[in-house]
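These notes concern the structure reproduced below.
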Amino acid sequence: MEEYNSVENFDNKKGSVVTIGTFDGVHIGHRAILERLVESANNRDQEAVLLTFFPHPRMVLQKDSGLKLLNTLQEKRRLLESIGVDHMIVQPFTVEFSRLTAQDYVQDILIDQLNAKKIIIGYDHRFGRNRTANIEDLREFGASLDFEVEEIDAQELNEVAVSSTKIRHALEAGDVTTANNYLGYRYMLNGKVVRGKGLGKTLDYPTANLQVGESYKLIPKKGVYITQAKIRDKSCYGLTSIGTNPTVGGTSETIETYFLDLQADLYDEALTLEFITHIRDEEDFETVQELKSAIRKDEAFARTFLAGYE
């Protein structure tokens, strides 16, 4: 899949089948649209194109929204590629861009830049300045500018009953099981293993401290989770603690993983951590011994869970 950082960098003489949106999470509801996009493009011998935006429009137009995203751009790219999308265009979203009229947006972006011959969108898609234009307006533009419009109707999308907002709420509540069901894959954090304070070793549970590079990435609720990562071509399960380590006087939030049955120096390695299930919320224990006892119970629970999970 090819990726472009602006519509101006995209050049396609063959003609495009286009869908438009932020597609945060690339969840099972999004897949209904994306799979239709790829199928239609293949049938027409044209290119399947996703036009998406970054930053997320709410981050620009509602600066105090505090919105966190389910995917980094790198994660989104991998997910879209797995579905078969040919091109992902990441259009910088600015206040100026948001002020394009519907007419200018369709003519300048969809026609002149993307060479759209067909557009596939959900029934509730809106566009243009102040999001005043809807799918009926798009059909009128299509009739005059010679492109087809296909609507994914409300019934088809509502049957999925999923949204990026629902997934964010589930993760903020620590319910990664529900989030994973909605996503159609396991929620992930990508980052680099960095040196922490070495507290895990003093507890006999050495941990890999993951640093997520993108500040806009949503981190699940503080607590302990069962996770999985692929490390040097080996699948490894672990206990991941998200929180501030209050029992030992921690103040800054960390993401630390004790990998079961693995002894390796992972410093500076890139790591993708996939969340399987939540064990418990973060607790402030009165003593370090109580903390160690809780970790032993977490490990026992994880091993029993994974014995049935695999």
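Mind telling me which of the residues 45, 11, 64 ends up being of a type outside the set (Val, Ile, Thr), over 22 Å from residue 123 (Cα atoms), out of contact with any Phe, Trp or Tyr (no Cβ under 6 Å at 6 or more places or on another chain) and modelled with pLDDT of 95 or more?
Sole residue among the options that is of a type outside the set (Val, Ile, Thr), over 22 Å from residue 123 (Cα atoms), out of contact with any Phe, Trp or Tyr (no Cβ under 6 Å at 6 or more places or on another chain) and modelled with pLDDT of 95 or more: 45.
Considering 89, 111, which residue is modelled with pLDDT of 95 or more, within 13 Å of residue 7 (Cβ to Cβ) and part of a helix (DSSP H, G or I)?
It is 111.
Quick one: which residue in 40, 144, 98 is surrounded by fewer than 17 Cβ atoms within 10 Å (Cβ to Cβ) and within 30 Å of residue 167 (Cα to Cα)?
None of the others qualify; the one that does is 98.
Among the residues of region 183-202 satisfying the criterion of being in a helix (DSSP H, G or I) and modelled with pLDDT under 95, which is farthest from the chain's Cα centre (by Cα)?
202
Of 97, 141, which residue is out of contact with any Ser or Thr (no Cβ under 8 Å at 6 or more places or on another chain), in a helix (DSSP H, G or I), of a type in the set (Phe, Trp, Tyr) and farther than 18 Å from residue 10 by Cβ?
Being out of contact with any Ser or Thr (no Cβ under 8 Å at 6 or more places or on another chain), in a helix (DSSP H, G or I), of a type in the set (Phe, Trp, Tyr) and farther than 18 Å from residue 10 by Cβ holds for just one of 97, 141, which is 141.
I'd like to check something: does region 147-159 contain any residue that is in contact with a helix residue (DSSP H, G or I) (Cβ under 9 Å, 6 or more places away or on another chain), in a helix (DSSP H, G or I) and surrounded by 14 or more Cβ atoms within 10 Å (Cβ to Cβ)?
yes
Is there a residue in region 9-23 that is touching a helix residue (DSSP H, G or I) at 6+ places or on another chain (Cβ under 7 Å), among the charged types (D, E, K, R) and either crowded, with 17+ Cβ neighbours inside 10 Å or touching a residue at least 40 places away in the same chain (Cβ under 8 Å) (or both)?
Within region 9-23, not a single residue is touching a helix residue (DSSP H, G or I) at 6+ places or on another chain (Cβ under 7 Å), among the charged types (D, E, K, R) and either crowded, with 17+ Cβ neighbours inside 10 Å or touching a residue at least 40 places away in the same chain (Cβ under 8 Å) (or both).
The values are calculated or read from the model by the stated rules, or taken from the named source; none is laboratory data. All values derive from a computational prediction rather than experimental measurement. Glycine also receives a Cβ, built like all others from the backbone with ideal geometry; neighbour counts cover every protein chain displayed.
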